[in-house]
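The values are calculated or read from the model by the stated rules, or taken from the named source; none is laboratory data. Source: prediction; values computed, not measured. Glycine gets a Cβ as well: all are built from the backbone with ideal geometry, and neighbour counts include every protein chain shown. Surface accessibility is based on the protein's heavy atoms, side chains included, excluding ligands, DNA and RNA. Shrake-Rupley method; radii C 1.70, N 1.55, O 1.52, S 1.80 Å.
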Amino acid sequence: MTIFSPRSLTEALQVLNEHPAARLLAGGTDTMVEINFRHFEPSDIISLRHVQELQVFETLSTGYRLGAAIPYKQFENGSFSHVSGALSEASRTVGSPQIRATGTIGGNLGTCSPAGDTLPVLSALDAQIELSSINGIRMLSIHDFMLGVKRNARVSNEIITAIHIPKINGFQGYAKVGVRNAMVISIASACLIHNMDKSHIALALGAVGPTIIRCRTAEKWLTQNADLSTSTALTTEVIEEFGRLAASEALPITDHRSTAEYRKHAVGVLAQRLLKRAMK
Ligand SMILES: Cc1cc2nc3c(=O)[nH]c(=O)nc-3n(C[C@H](O)[C@H](O)[C@H](O)COP(=O)(O)OP(=O)(O)OC[C@H]3O[C@@H](n4cnc5c(N)ncnc54)[C@H](O)[C@@H]3O)c2cc1C
């Protein structure tokens, strides 16, 4: 096994192109667990730690470009915590301070677990994923990037270089249920974004399907049945129906973490709570 440690994006892309079976290593918080448990034996490793281009943050006219290897701690309460309230909330729930100091959003996307905490946020924000190879850059909607349980649309010679998210005028919230309050993988999670400029609510669910689920039916129903442009309080009936529709869109399974029934119930409750917070 060879461990490569490129010093630039160009070098990293060249090495990856020559070794397409190599495993990219960012924070290593997923990969090292896989190696330690012998679930995976890499042929070669390409460390992204010294690729400065992956750490770059940019403010654009319409939003932000987040370097894929910026660690969670910068979004939690560090330099970039202002870019998205929901991303900050999701980052705060990931693992422990040690995990957040090294783990990255690029790694969360690379693993593409349905329980990945940043993924419902990126889905609700309609994020664009920037993928680079020696042939150039392609942009992919998050909805096309996530294919299924731990499956994504990255091809073997590509590196996720950045995540593009819009600036949102309005509420953003993330909530998750686990067996305890910290150091826990989600049993169910939800992100709600209220885009006041478009009078639209986006809701995405995590850990209740093979990949992140956008609740298009609940979103459409709410837009048709509530005036989201005013601060008029929503009725209890509207909030409950929104939660019920969200739960009906979940496709949970029963596994070692929880039952399908509990997961469905939990996402309905999370959707209602987030909607109440949004309308306050
Ligand atoms: C104790 C513990 C607690 C955890 N708790 C949580 C939690 O609460 N919530 C949660 O969501 N996750 C949790 N995780 C999982 C993990 O921390 C996250 O998924 C994290 O985002 C992975 O990022 P990383 O940079 O460490 O990825 P790595 O382990 O370096 O890589 C993960 C995968 O992504 C690929 N990859 C990484 N960067 C890129 C890139 N730029 N381009 C293309 N592919 C790339 C790698 O090749 C690999 O396949 C936990 C892990 C541990 C060990």
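Taken over the stretch 111-130, the criterion of being among the aliphatic types (A, V, I, L, M) and either surrounded by fewer than 23 Cβ atoms within 10 Å (Cβ to Cβ) or near the ligand (Cβ under 8 Å from one of its atoms) (or both) is satisfied by ALA115, LEU119. Only strands (runs of 3 or more DSSP E) whose full extent lies in the stretch 1-54 are considered here, and the ones with at least 2 residues that are near the ligand (Cβ under 8 Å from one of its atoms) and either among the β-branched types (Val, Ile, Thr) or within 13 Å of ILE159 (Cβ to Cβ) (or both) are 23-25. Scanning the stretch 117-162 for residues that are within 23 Å of PRO6 (Cβ to Cβ) and either outside the structural domain of GLU34 (by TED's automatic domain parsing) or among the hydroxyl-bearing types (Ser, Thr, Tyr) (or both) yields SER132, SER133, SER156, THR161.
Only one entry of ASN157, ASN108, ASN135, ASN77 meets the criterion of being polar (S, T, N, Q), open to solvent by 20 Å² or more (accessible area, probe 1.4 Å) and touching an Asp or Glu at 6+ places or on another chain (Cβ under 8 Å), and that entry is ASN108. The condition (being under 18 Å from THR118 (Cβ atoms) and among the hydroxyl-bearing types (Ser, Thr, Tyr)) is satisfied by just one residue among SER43, SER84, SER5: SER84. Remark: pairs (first residue in the stretch 213-237, part of a helix (DSSP H, G or I); second residue acidic (Asp, Glu) and at pLDDT 95 or above; Cβ separation under 8 Å; 6+ apart in sequence or on different chains) = ARG216/GLU249; THR217/GLU249; ALA218/GLU249; TRP221/GLU241; ASN225/GLU241.
Among residues of the stretch 143-160 that are in contact (Cβ under 8 Å) with a residue 24 or more places away in the chain, those with a Cβ under 9 angstrom from a residue that is among the aromatic types (Phe, Trp, Tyr), sequence gap 6+ or separate chain, pair up as ASN152/PHE145; ARG154/PHE145; ILE160/PHE145. A Cβ distance below 6 Å, combined with a sequence gap of six or more or placement on separate chains, defines the contacts here; from the stretch 99-116, residues that are over 13 Å from LEU48 (Cβ atoms) reach residues that are of a type in the set (Phe, Trp, Tyr) in the pairs ARG100/TYR72. Being at pLDDT below 95 and either hydrophobic (A, V, I, L, M, F, W, C) or surrounded by fewer than 21 Cβ atoms within 10 Å (Cβ to Cβ) (or both) holds for only one residue in ARG23, ARG38, and it is ARG38.
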